[in-house]
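Reviewing the structure listed below.
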Amino acid sequence: MPAARPPRAAPGWRGRATRAEIDLDALTGNVAALRAVLPPQAALMAVVKANAYGHGAVTIAREALAAGAARLAVATVGEGRALRAAGIAAPVLVLGAIDPTEAAEAIRQQLELTVGTEELLEAVADAACRAEAEQPVAIHVKVDTGLHRYGAKPALALALARRAAANPLLRLAGISSHFATADEPDVSFAAEQAIVLAACAEALRAEGITPETVHAGNSAGSLRRLFTGATVIRPGIALYGIPPSDAVPLPPGVRPVMTVRSRIERVFDLKPGDTVGYGRTYRCERTERALLVPIGYADGYARALSNRGWVGFAGQRAEIIGRVSMDQCVVRAPESVAARVGDEITVFGGAPEEAAPSARGLADLLGTIPYEVLTGVAIRVPRVYVRHGEIVAAEDLNGLTS
Ligand SMILES: *Cc1c(COP(=O)(O)O)cnc(C)c1O
């Protein structure tokens with residue numbers, strides 16, 4: 001695979017200056033690079049919950065399927081409905097614990113469901129009966145192997161799986177679990193979890209019940225092969241080109257998909273004693289040039305970056321001065337760089353020479369993880385899709401004109 005460089009701002013964007021560029025070549029390359037290192041028998045379930053980690057679920061789902069993903073996963077029934085409304089017909093699993101009152105809608109949308117309680121299994125069976133659906137409803141029984149979030153303890157999971165397998169209105173499409181420590185240096189607990197899941201699968205097979213799939217691995221668990229019996233893998237963060245943690249390097253060729261960019265809205269000079277922004281938390285000590293950037297905490301650019309963060313401008317760091325406000329922030333222009341209204345700013349991501357923090361770097365500054373940075377990019381930020389350096393689509397997830 002050619003070591004393609006992340007593109008600079010794609011030319012020709014007309015619309016709100018602040019936007020998230022989504023590099024579709026990177027996404028396609030990431031799917032291929034992940035498949036190349038993962039067991040060939042394992043189908044790739046692209047995790048597109050939370051709007052594909054902020055990248056835009058519908059476009060990412062279509063691209064991931066075209067690049068070789070076989071299935072999709074979301075967190076909620078509403079997220080699944082959005083994929084169906086866009087005409088996506090691939091299997092879609094709802095990973096989360098749905099409310100029993102959502103069962104009928106989930107069945108209408110032909111979503112596959114994660115089940116970890118008797119109550120939910122009953123609600124789904126009842127709804128399936130009432131829906132008179134042509135196809136049995138696909139159930140993935142979730143085994144709680146130690147994450148202690150949702151899912152059934154092994155004995156109950158086996159009982160649920162037996163009931164699903166015995167009910168002609170249901171299909172035992174899978175049994176699954178989720179690791180607590182897949183991205184940590186020490187994976188011994190994950191190994192114990194894998195043993196429990198494998199034992200459940202084995203116990204069912206011994207009774208003549210064969211779940212269609214068995215799955216446990218998120219990006220970290222799959223890349224580290226923590227569950228060798230997997231017939232489906234469920235990567236999310238790695239698809240978007242971000243390593244799950246320091247302990248889990250990405251395969252060669254995987255690179256970040258999202259770059260958030262903006263443009264300078266105003267250039268102005270400050271003199272000693274001037275202050276910037278709400279609360280006057282930044283006071284100039286000498287003459288300096290300031291740049292107004294139209295991105296704020298309502299765009300997902302955390303207020304905690306006030307007086308701490310930086311953006312990339314003309315290949316240099318431009319530090320945030322004063323507080324990040326709802327819709328904008330102010331940065332100090334690097335010395336000896338001419339700045340004009342309309343010049344490009346890289347907020348995070350982009351080519352290394354753009355000097356912006358990575359999603360990971362921004363997460364470190366904020367004491368969080370890149371997942372939160374990516375999913376935090378607000379829906380009002382237009383997503384601009386780029387292929388071969390050209391803009392191929394733009395989506396305002398907010399439904400407002402940008
Ligand atoms: C979010 C999620 C994933 C994907 O996790 P990544 O760390 O982003 O790869 C996989 N499985 C389940 C159950 C999840 O909730």
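Look at (1) surrounded by 15 or more Cβ atoms within 10 Å (Cβ to Cβ); (2) under 22 Å from Ala17 (Cβ atoms) and you find that Tyr282 fails only one, number (2).
Here is a yes/no grid of residues against (1) more than 30 Å from Pro272 (Cα to Cα); (2) touching a residue at least 24 places away in the same chain (Cβ under 8 Å):
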position: Val330; (1), (2): no, yes
position: Pro334; (1), (2): no, no
position: Val341; (1), (2): no, yes
position: Ile345; (1), (2): no, yes
position: Pro357; (1), (2): no, yes
position: Leu365; (1), (2): no, yes
position: Ala378; (1), (2): yes, yes
position: Tyr385; (1), (2): yes, yes
position: Glu390; (1), (2): yes, yes
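Across the range 100-116, the qualifying residues are those that are free of Cβ contacts under 8 Å to residues at least 60 places away in the same chain and within 16 Å of the ligand (Cβ to nearest atom), and the one among them that is surrounded by the most Cβ atoms within 10 Å (Cβ to Cβ) is Val115. So how many residues does the range 167-210 have that are within 17 Å of Ile233 (Cα to Cα) and within 16 Å of the ligand (Cβ to nearest atom)? Residues meeting the conditions: 15.
From the list Ala64, Ala90, pick out the single residue that is within 16 Å of the ligand (Cβ to nearest atom) and either in contact (Cβ under 8 Å) with a residue 12 or more places away in the chain or outside any helix (DSSP H, G or I) (or both). Break it down stepwise before answering.
On the way: Ala90 fails: within 16 Å of the ligand (Cβ to nearest atom).
Exactly one of Ala64, Ala90 is within 16 Å of the ligand (Cβ to nearest atom) and either in contact (Cβ under 8 Å) with a residue 12 or more places away in the chain or outside any helix (DSSP H, G or I) (or both), namely Ala64.
Say whether the condition of being modelled with pLDDT of 95 or more, out of contact with any helix residue (DSSP H, G or I) (no Cβ under 8 Å at 6 or more places or on another chain), under 23 Å from His55 (Cα atoms) and not in a loop (DSSP other than H, G, I, E, B) is met by at least one residue in the range 121-133. No, the conditions are met nowhere in the range 121-133.
Would you confirm, using the coordinates I've provided, whether Thr259 is away from the ligand (no atom under 14 Å from the Cβ) and either under 24 Å from Lys49 (Cβ atoms) or under 17 Å from the mean Cα position of the chain (by Cα) (or both)?
Here the answer is yes, as Thr259 does meet what is asked.
Looking only at residues of the range 238-251 that are of a type outside the set (Gly, Ala, Ser) and touching a helix residue (DSSP H, G or I) at 6+ places or on another chain (Cβ under 7 Å), we find that the one that is surrounded by the fewest Cβ atoms within 10 Å (Cβ to Cβ) is Pro251. Within the range 265-279, being surrounded by 15 or more Cβ atoms within 10 Å (Cβ to Cβ) and without any contact (Cβ under 8 Å) to a residue 12 or more places away in the chain holds for one residue alone: Asp274. Note on the range 271-287: residues that are assigned to a loop (DSSP other than H, G, I, E, B) and more than 35 Å from the chain's Cα centre (by Cα) total 8. Would a scan of the range 45-57 turn up a residue that is modelled with pLDDT under 95, under 30 Å from Thr228 (Cβ atoms) and within 15 Å of the ligand (Cβ to nearest atom)? No, that holds for no residue.
Can you name every residue in the range 287-301 that is surrounded by fewer than 19 Cβ atoms within 10 Å (Cβ to Cβ) and either touching a residue at least 24 places away in the same chain (Cβ under 8 Å) or out of contact with any Leu (no Cβ under 9 Å at 6 or more places or on another chain) (or both)?
If we filter the range 287-301 for residues that are surrounded by fewer than 19 Cβ atoms within 10 Å (Cβ to Cβ), which is where we start, we get 287-289, 292, 294, 298.
Of everything in the range 287-301, those that are surrounded by fewer than 19 Cβ atoms within 10 Å (Cβ to Cβ) and either touching a residue at least 24 places away in the same chain (Cβ under 8 Å) or out of contact with any Leu (no Cβ under 9 Å at 6 or more places or on another chain) (or both) turn out to be Glu288, Arg289, Leu292, Pro294, Ala298.
In the range 14-35, the residues that are basic (Lys, Arg) reach residues that are at pLDDT 95 or above with C-beta atoms within less than 7 angstrom, at least six apart or across chains, in these pairs: Arg16/Pro382; Arg19/Arg261; Arg19/Val381; Arg19/Pro382; Arg19/Val384; Arg35/Leu44; Arg35/Gly68. Each residue in the range 288-341 was checked for being outside any strand (DSSP E or B), of a type in the set (Lys, Arg) and under 25 Å from Thr375 (Cα atoms), and 3 pass.
If we scan the range 179-199, do we find a residue that is surrounded by 24 or more Cβ atoms within 10 Å (Cβ to Cβ), within 23 Å of the chain's Cα centre (by Cα) and within 18 Å of Gly116 (Cβ to Cβ)? So far as the range 179-199 goes, yes, one or more of its residues are surrounded by 24 or more Cβ atoms within 10 Å (Cβ to Cβ), within 23 Å of the chain's Cα centre (by Cα) and within 18 Å of Gly116 (Cβ to Cβ). Screening the range 221-237 for residues that are among the hydrophobic types (A, V, I, L, M, F, W, C) and surrounded by fewer than 24 Cβ atoms within 10 Å (Cβ to Cβ) and picking the one that is farthest from the ligand (Cβ to nearest atom) gives Leu226.
The values are calculated or read from the model by the stated rules, or taken from the named source; none is laboratory data. Predicted, not measured: the structure shown is a model, and the values here were computed from it. No Cβ is skipped: glycine too gets one built from the backbone with ideal geometry, and neighbour counts run over all protein chains shown.
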